[in-house]
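Read through the structure below, which is laid out as structure tokens, and then see the notes.
The values are calculated or read from the model by the stated rules, or taken from the named source; none is laboratory data. Keep in mind it's a predicted model, so treat the numbers as computed, not measured. Please note: Cβ atoms are built from the backbone with ideal geometry, for glycine as well, and neighbour counts cover all protein chains shown.
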Amino acid sequence: MTTNNCNEIIHELHYFFQDILGFTDIPTPTEPSLLITPTPHSLLEKNKLDTTLLKNPKLTGIFCITPAHDDQPPLLSFASPGTFKEAKQFMADLLSFLGFSNPYHVSYESLCSLYNTSLLSEGHEHVLQKKLGNTISLGYFPHRTHPEWTIKAFNAETYHKTRLLLHGMKTLDIAEYSCASVQMRQRFYDLHGGHAAQTLFDTFGKKKVIAALNTYLNLPFFPRFGGTLSLSNLTRAMKFDDLLSQEEKSPSKKDRYLVSVPLF
């Protein structure tokens, strides 16, 4: 991702989140979360943003941009009040604002049946581009994919989580978060067969982790959603679709984006 492309995309995203949606740009979290295994930094941002939103329920929404570091790509993380329906509307609005076509919507389970597999790999996601197009919404992740323990369950086997694939690459993960503290506590201990919780206990100490878990689960929950956007994969997709540096060729996104597009 070149500096010019990065600056252009960050500028557009700031306009979408701040000026159109009224979200608040908050500092990137730097302290490790005691409730997220110390691996992908995207999970750290989502957990911190969810906690910040719960403590500030009057906010329209919040977001932060994490620069690339080590082997991790740059990310934009966000959280907002709302249900899964509003989360899908948010994704449709973002795609419209950036200039992408409406996505082809498909469920995770239907694709597993198609490819006779229990889990979809990056290889499947690349093949899907040829079969279903450049913009794909992959929805309702099953329990066996180990969704984060804070994500709301749709039923006993699936969760309110959607993945946006642009040109065969995972670009956005978005999900509705749970309000059920009892179920979240159980999923915290059960995730990955208990290995996730044990990793946290070994890393930070069991007492500290349990204290942080209790503090989180005692927050006043309300319907909300959040997710992470890969800026490098978004840049790649916008290059393929010729959506960068179009200011002189067409009306600006600010002028074109006047109303929400219909849900896909």
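Some observations on this one:
- Of the criteria (1) acidic (D, E); (2) in a helix (DSSP H, G or I); (3) closer than 19 Å to G227 by Cα, which one D173 fails: (2)
- The residue that is farthest from the chain's Cα centre (by Cα), among those in region 181-222 that are closer than 16 Å to K55 by Cα and outside any helix (DSSP H, G or I), is N218.
Residue-by-condition table, conditions (1) touching a Pro at 6+ places or on another chain (Cβ under 6 Å); (2) surrounded by 14 or more Cβ atoms within 10 Å (Cβ to Cβ); (3) not hydrophobic (A, V, I, L, M, F, W, C):
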site: K85; (1), (2), (3): no, no, yes
site: Q89; (1), (2), (3): no, yes, yes
site: A92; (1), (2), (3): no, yes, no
site: F100; (1), (2), (3): no, yes, no
site: H105; (1), (2), (3): no, yes, yes
site: H126; (1), (2), (3): no, no, yes
site: K130; (1), (2), (3): no, no, yes
site: N134; (1), (2), (3): no, yes, yes
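- Verdict on P81 being at pLDDT 95 or above and surrounded by fewer than 19 Cβ atoms within 10 Å (Cβ to Cβ): yes
- Pairs with Cβ under 6 Å, 6+ apart, first in region 75-101 and farther than 14 Å from F17 by Cβ, second of a type in the set (K, R) and not in a loop (DSSP other than H, G, I, E, B): P81/R224
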